[in-house]
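The values are calculated or read from the model by the stated rules, or taken from the named source; none is laboratory data. Values in this document were obtained by computation on a predicted structure and should not be read as measured data. A quick note on method: Cβ atoms are made from the backbone with ideal geometry, for glycine too, and the neighbour counts reach across all protein chains shown.
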Amino acid sequence: MKKIWKKKKVVFPAVIGVLLFLTGFWYVNDYYHSDGNVQEDMKINDIVSVEEFQDGLYLDGPGEDTALIFYPGAKVEYTAYLPLLDKLAGQGSDCFLVKMPCNLAFLGQNKAEKIMDSYDYEHWYLAGHSLGGAMAASYASGHLEVLDGLALLAAYPTKSLKTDDFSVVSVYGSEDGVLNMEKVKAGVSFMPPDYTEVCIEGGNHAQFGNYGKQKGDREADISREEQQEQTAAAILQMIGNHKDQTQEDVEMDYEQKNLQKELLFPLKAW
């Protein structure tokens, strides 16, 4: 009996270990694949070049001073977001599309840091879809001093983003069947003063990317192209407004300093 019990003590943990491994292997390999024509469509683009880097894809457009780092949704192949980011890069905001370990952003939440350390841009923005948005928000909350803003696509924050020099835009579809709107509403309490919420009428959860239908989502009433056009416009407006406000603050600060100098050292009348 003792020998049998010893064998059981060895076999049971081994069986459980194998089952856990197989379950984990199945889970990380059961993901949404990007549409087959996504990368083919990108090859004919003569405005934005797409290059591989260690952690994903770099979309280099005509812009020079602004970049956006994008975290994909959970269990979604990262290349599914190329069409959306192509629209941003083509309008002046270069993009870094991050490839996450096992297609799960919580395993690569800090990847933005390495990118920002490796490239030289004056303005940095983060963005993400669904879980990717939540992880981007989590990273941003601890690095508000080096980031200019955040774009949440069907996502919400769980930590404070409150600071006067930070902008956030939250974009979601009216037909989203996956997003928890109660948590979106609760997340407003974490937002900075410069916060904008955009509801795309007819949009759903999956159409921010090109990976087909998502379980639990509702049918969209608009095309994927239209949803992504409106999303890109909302993000670009947030970036433009933030840069304009920053420039205004710089100009006001310069004028105030000059005024202080005049008060302290008035010009002599000759």
(message) So, L59, is that one under 21 Å from V168 (Cβ atoms) and buried (at least 24 other Cβ atoms within 10 Å of the Cβ) or not?
(response) no
(message) Given the condition at pLDDT 95 or above, aromatic (F, W, Y) and more than 17 Å from M100 (Cβ to Cβ), answer yes or no: does some residue in the stretch 126-142 qualify?
(response) no
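Residue-by-condition table, conditions (1) part of a helix (DSSP H, G or I); (2) at pLDDT 95 or above; (3) closer than 26 Å to L68 by Cβ:
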{"position": "V188", "(1), (2), (3)": "yes, yes, yes"}
{"position": "T196", "(1), (2), (3)": "no, yes, yes"}
{"position": "Q230", "(1), (2), (3)": "yes, yes, yes"}
{"position": "Q245", "(1), (2), (3)": "yes, no, yes"}
{"position": "L263", "(1), (2), (3)": "yes, no, no"}
{"position": "P266", "(1), (2), (3)": "no, no, no"}
(request) Working only within the stretch 190-223, note down all residues that are among the basic types (K, R) and either touching a residue at least 40 places away in the same chain (Cβ under 8 Å) or touching a Leu at 6+ places or on another chain (Cβ under 6 Å) (or both). (result) R218
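To keep it simple, each residue is scored yes or no on (1) buried (at least 19 other Cβ atoms within 10 Å of the Cβ); (2) of a type in the set (V, I, T); (3) closer than 19 Å to G132 by Cβ; (4) in contact with a His (Cβ under 8 Å, 6 or more places away or on another chain).
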{"site": "L161", "(1), (2), (3), (4)": "yes, no, yes, no"}
{"site": "V169", "(1), (2), (3), (4)": "yes, yes, yes, no"}
{"site": "D176", "(1), (2), (3), (4)": "yes, no, yes, yes"}
{"site": "G187", "(1), (2), (3), (4)": "yes, no, yes, no"}
{"site": "H205", "(1), (2), (3), (4)": "yes, no, yes, no"}
{"site": "G240", "(1), (2), (3), (4)": "no, no, no, no"}
(request) Could you check, for the stretch 219-240, whether at least one of its residues is under 14 Å from Y125 (Cα atoms) and of a type in the set (S, T, Y)? (result) no
(message) Here are the criteria: (1) surrounded by fewer than 16 Cβ atoms within 10 Å (Cβ to Cβ); (2) among the charged types (D, E, K, R); (3) free of Cβ contacts under 8 Å to residues at least 40 places away in the same chain. Tell me which single one D94 does not satisfy.
(response) (1)
(message) Suppose the filter is among the β-branched types (V, I, T) and closer than 25 Å to V98 by Cα; does V188 pass it?
(response) no
